[in-house]
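The values are calculated or read from the model by the stated rules, or taken from the named source; none is laboratory data. None of the values given here were measured: they were computed from a predicted structure. Note that we place each Cβ from the backbone using ideal geometry, even for glycine, and neighbour counts take in every protein chain shown.
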Amino acid sequence: MVEKTRILIVEDEAAIRIGLIDVFVFHGYEVDSAEHGEEGLRKALSGLYDMILLDVMLPGMNGFDICNQIRQKDRQQPVIMLTAKTSDEDIVQGLTLGADDYIAKPFSVTQLVLRVQAVLRRSGIGEQQQREIHLLNGCVIDTENLCLMDSDIVFTRREMDVLQYLNRQTDRPVSREELLIKVWGYASDMDIETRTVDIHIAKLRRKIEEDPANPQAIVTVRGAGYRLKVEGA
């Protein structure tokens, strides 16, 4: 018997929570839920779920704080934030804390299911990759332990997926659209919000560049995308 993918829905609005439970059960997932922040955090930290759908505005503890605590324990746990806040500041905050994606309310149920499937799919990136990436600026990245060698800087699983994909394409620039399709797993015909890629690249530059405003490892190729500069390439 194939084990079902388990989703935790942390949402305080009963109508939305019940509706999402019904949708994901219909699509073959095993679903659990929480309506308060503290309950959501306790369940999220249990390690029992393959995906966490996390509302931002919750009673007791907000989704940003929950996401932050999840990431302190597990950098690879897939998290999608559900939010009525759509300003760049709120989006940046969620992604900076380590959310894999965000979707604004009101949302299309079909779009949400596709986004969940895309995050879960992960495209097999990160499997059978080299264990270290040696950047041209002297940084060495430990891909297995998600960290920068000889430092306390750590990466989320999605940040490492981006680095590993760029590392496989060092002979050419990689577009935002290609990253969304190959790393995030979106279908090529989806109407995709590209701000997600820009935010992740900015986060990576803050971690690996001596001067993020003048990057030497992840460079922007005008009109084409991003290119990773590594030793020997």
Boolean, ASP50 is touching an Asp or Glu at 6+ places or on another chain (Cβ under 8 Å), modelled with pLDDT under 95 and either surrounded by fewer than 17 Cβ atoms within 10 Å (Cβ to Cβ) or closer than 30 Å to ALA202 by Cα (or both): no
Residue that is modelled with the lowest pLDDT [pool: residues in segment 82-139 that are of a type in the set (D, E, K, R), surrounded by 15 or more Cβ atoms within 10 Å (Cβ to Cβ) and in a helix (DSSP H, G or I)]: ARG122
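Conditions tested, residue by residue: (1) among the aliphatic types (A, V, I, L, M); (2) over 20 Å from PHE155 (Cα atoms).
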residue	(1), (2)
ASP32	no, yes
ARG42	no, yes
PRO59	no, yes
ASN68	no, no
THR83	no, yes
ILE91	yes, no
ILE103	yes, yes
PHE107	no, yes
VAL113	yes, yes
Conditions (1) surrounded by 14 or more Cβ atoms within 10 Å (Cβ to Cβ); (2) in a helix (DSSP H, G or I); (3) polar (S, T, N, Q); number of the one not met by SER33: (2)
Test for LEU20: is it surrounded by 17 or more Cβ atoms within 10 Å (Cβ to Cβ) and farther than 13 Å from MET81 by Cβ: yes
Search result, residues across segment 40-72 that are free of Cβ contacts under 8 Å to residues at least 24 places away in the same chain and part of a helix (DSSP H, G or I): ARG42, GLN72
